[in-house]
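Take a look at the structure set out below.
Nothing in this text is a laboratory measurement; each read-out follows from the coordinates by a stated rule. Every value quoted in this text rests on a predicted model; they were computed, and no experiment measured them. Cβ: placed from backbone, ideal geometry, glycine included. Neighbour counts: every protein chain shown.
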Amino acid sequence: MSAQEIDIVPVSGKRELNEFVDLAYRLNEADQNWVPPLRAEVFELLTPGKNPFHEHARMQLFLARRGGKVVGRISAHIDELALAQPPEQGMGPGTGNWGLLEAEDEAVTHALIARAEDWLREQGMTRVLAPISLSIWEEPGLLVHGHDHPPMVMMGHHLPQYQGWIESAGYETAKRLLTFELPVAREFPPLIQRIVASGEKNKSIVVREADPKEFARDAAIIIDILNDAWSGNWGFVPFTEAEKAYGAKKLKPLIKPGANMIAELDGEPVAFMMALPDVNAAIKPMKGRLFPFNWIKLLWWLRNPRADFRVPLMGVKRRLQNSRLASQIAFMMIEYIRRYAVSAHDAKRGEIGWVLEDNKGMIAIADAIDSKMNREYRIYSKAL
């Protein structure tokens, strides 16, 4: 059918919001590798007053209808903190976003993107980076490689046809985001073991577990290192204090002390690495619903998950980046987390990412531990 028969309407009430959320479950139901998110989490993501992203963002959700049937959805949003970033780092003045795209076909996709672009122009934007759903820290990019296996915790999964539909709407690749997987049950290569052993002899280096009894303190340390380490990265947007508290609260049930490391150099925290058990494996059969009994299953799983682990975040303070010491500390943290995940949780796989395509240091570390790229996401750009 033609685009003229597609009606794009803004989400303005509870009924439309429910339709917006429901559509993803219908369109992805046949994809065995899609992990249905918990519905309560999706509503929280989209609700001002619950998700602190909305404290510094403007957002409009849209639905596409054809013949009265919902056939697509999209969000258009502007992050005020992203507008304040240097343009050479990807964001900057005039840059808006769209995301949460789901559509039955190419015509619907084009109609939704066009409406999101119109809204961004109306808000004064001159450029779009997409898809970003909703913050750069949540699920940025479109999956273009790795559709043959489910995503791990906090990673997106999209129908393969979306790539062609988006690119045919005039979008070009702005940045590639990569993830790397490795079998963790086997030891790292001898060279890496020697580097770790050498670091353990250096009395200036202390790598410790995050302390659950001092969760707030260590969460603040990690965020402060992250803001420093990533501040020059493409796409960086700083966390607000509200987002720090919110993120710590959301992640606390997944935090396992032996999988989260803080490295100190002469007593100063200079690096961290966070690994999370893959809760997606637990929630996948739940089809988005915790009630009536799935919440019991999830609580039981969280107590002692037998799970693979993903490293979503790591950082080394900028003054140490690109140094041999930084690489050594990174290898030490990875090795300690690997040992813990295997011994305590029977992990078989690890995943690191996402990693910016031009982050040569992190890609070199991934290569050194014999990991392989398993997923690629793309963020696209277009002038408005």
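Listing for the model above:
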| read-out | value |
| --- | --- |
| With at most 14 neighbouring Cβ atoms within 10 Å, loop GluC sites (Glu not before Pro) (DSSP) excluded, longest segment of the chain | 188-384 |
| Residue exposure sequence - SER135, SER12, SER381 - by fewest surrounding Cβ within 10 Å | SER12, SER381, SER135 |
| Magnitude of the charge dipole, the stretch 3-177, Cβ model with Lys/Arg +1 and Asp/Glu -1, debye to 20 | 280 |
| Net length gained if the chain between GLN321 and ASP105 were fully extended (0.36 nm per residue, minus Cα distance) | 73.3 nm |
| Exposed trypsin sites (Lys or Arg not before Pro) absent - longest run of the chain, DSSP non-H/G/I/E/B, at most 11 other C-beta within 10 Å | 1-185 |
| For the stretch 360-366, Karplus couplings with θ = phi - 60° (6.51, -1.76, 1.60), whole Hz, Gly/Pro x | 5, x, 5, 5, 5, 5, 4 |
| Antiparallel bridges, percent of DSSP beta bridges restricted to the stretch 181-378 (to nearest 5) | 90 |
| Full-stretch length increase - ASN28, VAL9 - with 0.36 nm per residue and alpha-carbon distance subtracted | 4.6 nm |
| Cβ-Cβ FRET estimate between THR173 and ASP148, R0 fixed at 25 Å, reported to 0.05 | 0.70 |
| Modelled FRET efficiency - R0 51 Å, GLU187 with ARG65, Cβ distances, 0.05 increments | 0.35 |
| Helix-only CD estimate at 222 nm, as mean residue ellipticity for the chain, using -39500 (n - 2.57) per DSSP H run (n ≥ 4) | -10500 deg cm²/dmol |
| Pair GLU41, GLU88: separation of 7 Å Cα→Cβ label points (nm) | 3.8 |
| Efficiency of FRET between ARG208 and LEU299 - r from beta-carbon atoms, R0 25 angstrom, step 0.05 | 0.35 |
| Antiparallel content of DSSP bridges confined to the chain, in %, to 5 | 90 |
